[in-house]
Structure formats: structure tokens, C-alpha cells
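The values are calculated or read from the model by the stated rules, or taken from the named source; none is laboratory data. From a predicted model like this one, the values you see are computed outputs, not experimental measurements. No Cβ is skipped: glycine too gets one built from the backbone with ideal geometry, and neighbour counts run over all protein chains shown. With ligands, DNA and RNA removed, areas are computed over all heavy atoms of the protein, side chains included. Shrake-Rupley method; radii C 1.70, N 1.55, O 1.52, S 1.80 Å.
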Amino acid sequence: EVQKHSVHTLVFRSLKRTHDMFVADNAKPIPLDEESHKVKMAVKLRTEYGSVLHMPTLKENLREKAVTNTGDPYGHKQYSGNQGQEVEYVVTGTHPYPPGPGVALTADTKVQRMPSESAAQSLAVALPASQSRLDANRTAAGVGDVYRHAGVSERSQPPGMSVAMVEAGGNKNSALMPKKAPTMPKPQWHPPWKLYRVISGHLGWVRCIAVEPGNQWFVTGSADRTIKIWDLASGKLKLSLTGHISTVRGVIVSARSPYLFSCGEDKQVKCWDLEYNKVIRHYHGHLSAVYGLDLHPTIDVLVTCSRDSTARIWDVRTKASVHTLSGHTNAVATVKCQAAEPQIITGSHDTTIRLWDLVAGKTRVTLTNHKKSVRAVVLHPRHYTFASGSPDNIKQWKFPDGNFIQNLSGHNAIINTLAVNSDGVLVSGADNGTMHLWDWRTGYNFQRVHAAVQPGSLDSESGIFACVFDQSESRLLTAEADKTIKVYKEDDTATEETHPVSWKPEIIKRKRF
């Protein structure tokens, strides 16, 4: 019996078959039509070099030309502008002149012998750029160069090769070079990540996760109103902290003091002393649920963000609110700190990202490129760049002014969390339980993961709320809607041969919006 499919399914199957049929032809050169190419070259020669076409051609240069023609990677026929003419020599620099009046100019009597093209090029390479440009402007264009380079980029340039054109006589040959669209460079190979441990213990959604600086344990916050501390090596529960009266939305461990900070939907921001496992400070001021927090890496400052559309900067010791960062027009979903300027970055449900001046407490830059809520921001640990996640796509930006780098498209879901390690592996976790792994530099999506939910959970309870790499960056921990923490590690058995990069050099669409 023939299974019936929806029109949507059939259309996409047809698209996939069409794609598979033609994928082998991608980036192949178009076959050259000899006649039209000949006409095109003749027009180009006449238009750009008509004033010098009457000059004769140097035999030495013709020999070089014969050699260069053999190197044509596609074996196309080369065209000379003066076919059928008797060629003798070309003037490539200043004109040779006889030694005295009335002496016929021959190969034996001319005073100045012209340098060969290879010698001239090596000289140009040796000179500083400005000097070689000045020298080029002093000389007349050589007909040999004209014939040799005319249309060379169209005829003999395979994909990925660039042909260096000689600029002679100030006549730039750029008109003969087609502008190629930028293509994605080959991504770095990363081993795939595999699930190797599922930790259960929370009684509600696990909303946030953080690893302590010593890499011995990690901490999670949950909708069951508890904070739990787990041993990283074994996955065993070490401690539960109670005190919040609603969902715990953010946790972070200080590298400068034995403190743990937490925030939640109860509007509270707490500082826990881990020597006594008690709350020692409260930071009062937010008017609604507190969605996230981060510690400044070099000074004792805590930054929190809230549904009240503000981010607040707190002095850790005095509990004073140093600044209230106002400007967002909707809930602020995420906040990140760094030592360099701009020291604070926020992402909001108003679709904007703001880079803040910590000293003045004012916005430095507002980035409005996203079309939907920005729920996740991550800073690269080594590069001066960051990424933001939104249902429309993931975008990469350059500090300090937030210059747009590229879009990472394909994770079509509500992105709750982003994490990146020093190897350039970017992880995006979404509300529908999918996790995509990307190569940071190229934006290539090298792996997609959708882990099964814990037995007894509904399929709809498949969602990733937070993810983080441990301090060694060899483990990836995710906090999920099925009340578990999942731990992933790199597949040690994988190699580039067993898991090749199924990549092709697509043209980059660097859209601003």
C-alpha cells in the first residue's frame, strides 16, 4: 500500500533529490565558448589597450608566454591579440636607444637591454609597496603584458586560485579580474560530542548551571526552588541549599572569594558563604523576577538582569546598588561581564543587545540587528568577540563597538543558552531540546544532538535551559526540562576519516539583518 504524504513532505523530498542530483556540479567551471570569448577579448584589448596595440612584441617575452600557456589548468586555448603578425620585440620599460646619431637600432646596437618579466617581477617584490607603485607609474604599459594577462582570470583561474596581475603604466588591470563572492573557508575539524552521563535529583526544571573555578564540583538551580551542588567527577549530590521561594534562575561561583551567588523569580539575589552554607547577603532593588547574573572578573562587582527591564550593578561587600542600567524596553534575559571595555553586555526580550560603560552606567552601543528576543549571549574566552542567540539566528560580533561578523543560521528554535570553549566549539541549546555544535571561526554546524528525555517524562519536556563547559573544557554540562543534568564529552575514538567534515564552499550571505 502506498503511504500518503503531505504536500509539504513531498515538496521537501523533491528539493532534497534535486539538491543531491546537482551537488556534484557545485563550483565547476562553466565550459568556455571559444567564439564569444575571442570576441570579448578583442573588445577588451581594443577598449583598454588600443593606444599600445601597434607596438611590436619581444621574442623573449613570447618564449615566456609559451611556457606560461602550458600551465593552464583547464587546457583552454590562449589567444594573442595580433595573431598572424610578424612579432619582433616589445617595449616593456623606457625605450631602448642607439649609441649615437645615425646608428640603426638593432639588437646589437641598442644601449638599454630590457629586463625579462621574471626579473622585473622579482625586483617589484623586493621593493617596498609604495616604491614599486611609483616605479610602475613611471613606465609605459607593455604589449606583452597586455596580451599575456588579458582575460587570464576568466580562462585559466580554477576555483580557489587567485592570479596576481601586474599593474603597469598606471593602467590597472582590475577591469579584467572578475570579483568573486567570498566563500566560507574550510572549517577546523572537531570531534563529535557524545552523552555519557545523566544526573537526576531535582524535582523541577533545571534552569541554570555553573562550574566552580577549581573544577571539583558544579552547582545547579531549579524550578523546585533548590540549589544543588554536585561532584563533577562522579555526578553524586554533595549538598542542597534552600532559601529561594520561587524558581532559581541564575547561579555563579566566585573565583575571588568562597561565595556562591544566586538569583530567582522571587526578585531575590543572594550571596551564600560556602564555608557555612548559609546566606550572608541579600541584594535588594529589583522590582520583578531576576533572570540572570554575572561576576566581574577583576573587581568585586556583581551584575544582575531582570524582568523589570533593568540590569543592576552591585558592590559585593557593601550590598550597595552602584548603578541601575536602564534603557531596555522589555525584560533583560542575559548579562555578561568582562575585564576589557565594554565591561557589561546585556541581551533583552526587546530584541536588542546593549554594550555598557561600567563607570558611567550608560549605554555605549545598542545593537538592533536581531528581530526576536535575545535570550543568550556568550563571550569568546580568547578572541575579542562575542555571540548572541535568538530564534531568528545566532550572530557573531566584534568588540568594542559591536561590529557584525556573521550569522550562524540553521538552529530554528528558541535559543536559551550559548557556550563556547577555547577550541572554537560553540554550543547552542534550545527550548525544543535540540543542541547544535558550531565551528566558531567559520560558522559551520558540525553536529546536531537531540538527547532522549528521562524515562517517565513527556516528550514535550525536552528543553535545554543552560549549558556550560567545565574548566578543562573536556566536559559539556546541560541543564534540562526533564529535571536532569546531562554530561557530554568528546568522542575519543573519532577521527577526521571516520567523521569527515561534510562541507562545501558555499557563498557566504553576509546579511546585516
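Could you tell me which trypsin sites (Lys or Arg not before Pro) in region 210-254 are loop residues by DSSP with no more than 12 other beta carbons within 10 angstrom of their beta carbon? Walk me through the numbers on the way to the answer.
Details: sites: Arg225, Lys228, Lys236, Lys238, Arg249; in loops: Arg225, Lys236.
Within region 210-254, the qualifying trypsin sites (Lys or Arg not before Pro) (loop, at most 12 other Cβ atoms within 10 Å) are Lys236.
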Coil-residue chymotrypsin sites (Phe, Trp or Tyr not before Pro) of region 272-323, DSSP, other Cβ within 10 Å capped at 14: Tyr276
Separation of the Ala320 and Phe22 label points, Cα + 7 Å toward Cβ, nm: 6.7
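Round to the nearest 0.05 the FRET efficiency obtained for Asp300 and Tyr196 when R0 = 41 Å and r is the Cβ-Cβ distance.
Working: r = 37 Å, r/R0 = 0.91.
Computed FRET efficiency for Asp300 and Tyr196 comes out at 0.65.
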From phi via Karplus (6.51, -1.76, 1.60), per-residue ³J(HN,Hα) for region 465-473 in Hz, x at Gly/Pro: 9, 7, 8, 7, 7, 6, 5, 7, 6
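Accessible area of region 301-432 with a 1.4 Å probe: how many percent of it is carbon plus sulfur?
On the way: 2030 of 4600 Å².
Here it works out to 44 percent.
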Rounded if a/c under 1.5, otherwise prolate or oblate - region 198-490, Cα gyration tensor axes: rounded
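When only DSSP loop residues count, what chymotrypsin sites (Phe, Trp or Tyr not before Pro) in region 344-438 have their Cβ near at most 13 other Cβ atoms within 10 Å? The partial results should precede the final answer.
Values: sites: Trp356, Tyr384, Phe386, Trp397, Phe404, Trp438; in loops: Tyr384.
Counting only loop positions with at most 13 other Cβ atoms within 10 Å, the chymotrypsin sites (Phe, Trp or Tyr not before Pro) in region 344-438 are Tyr384.
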Protection-proxy order for peptides 362-373, 421-432, 260-271, each taking the mean of Cβ atoms within 10 Å per residue, highest first: 260-271, 421-432, 362-373
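Fully extended, how many nm does the chain gain between Ala339 and His37 (0.36 nm per residue separation, minus their Cα-Cα distance)?
Details: separation 302, 0.36 × 302 = 108.72 nm, distance 5.85 nm.
Full extension from Ala339 to His37 adds 102.9 nm.
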Global form of region 205-264, assessed from the alpha-carbon gyration tensor, a/c cut-off 1.5: oblate
Over 31 Å between alpha carbons, listed pairs Lys395/Lys486; Lys44/Lys395; Lys270/Lys486; Lys228/Lys489; Lys319/Lys395: Lys44/Lys395; Lys319/Lys395
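Report the calculated FRET efficiency for Gln454 and Asp273 (r = Cβ-Cβ distance, R0 = 35 Å), to the nearest 0.05.
On the way: r = 33 Å, r/R0 = 0.94.
That gives a FRET efficiency of 0.60.
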